[in-house]
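Step one of this worksheet: look at the structure below.
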Amino acid sequence: AWGTAAAAATDAAARTADLLPRAGRARTHAGKSLGTPDAGAHSLGLVVRTAHLALFAPARPA
């Protein structure tokens, strides 16, 4: 489930680049922000992917 969530979060974050902001701090930049993924969505994708790797990566010998 963590791997699926990580992939979904990363994909969804990338798709925010095509959205026009209508609320929050980015709304004042409107069209200038097109092509840039939402920072919060991108961060969440990184957090979920890191959690997945931390939980399920094979243990490395010391």
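Of the numbered conditions (1) surrounded by 11 or more Cβ atoms within 10 Å (Cβ to Cβ); (2) touching a Leu at 6+ places or on another chain (Cβ under 8 Å), residue 18 fails exactly one; give the number of that condition. Going through (1) surrounded by 11 or more Cβ atoms within 10 Å (Cβ to Cβ); (2) touching a Leu at 6+ places or on another chain (Cβ under 8 Å) one by one, residue 18 breaks only (1). Of all residues in region 32-58, those satisfying the criterion of being open to solvent by less than 100 Å² (accessible area, probe 1.4 Å), of a type outside the set (Ser, Thr, Tyr) and part of a loop (DSSP other than H, G, I, E, B) are 34, 35, 37, 38, 57. Only one of these is without any contact (Cβ under 8 Å) to a residue 12 or more places away in the chain and open to solvent by less than 60 Å² (accessible area, probe 1.4 Å): 13, 8. Name it. Unique residue meeting the criteria: 8.
Taking each residue of region 28-52 that is closer than 14 Å to residue 13 by Cα and of a type in the set (A, V, I, L, M) and looking for partners that are at pLDDT below 85 and surrounded by fewer than 12 Cβ atoms within 10 Å (Cβ to Cβ) with beta-carbon atoms closer than 9 Å, six or more apart or interchain, yields 34/18; 34/20.
The values are calculated or read from the model by the stated rules, or taken from the named source; none is laboratory data. Since the structure is predicted, the reported quantities are computational estimates derived from the model, not experimental observations. With ideal geometry, Cβ positions are generated from the backbone for all residues, glycine too; neighbour counts draw on all protein chains shown. Just so you know, the surface numbers come from the protein's heavy atoms only, side chains and all, with ligands and any DNA or RNA stripped out. Shrake-Rupley method; radii C 1.70, N 1.55, O 1.52, S 1.80 Å.
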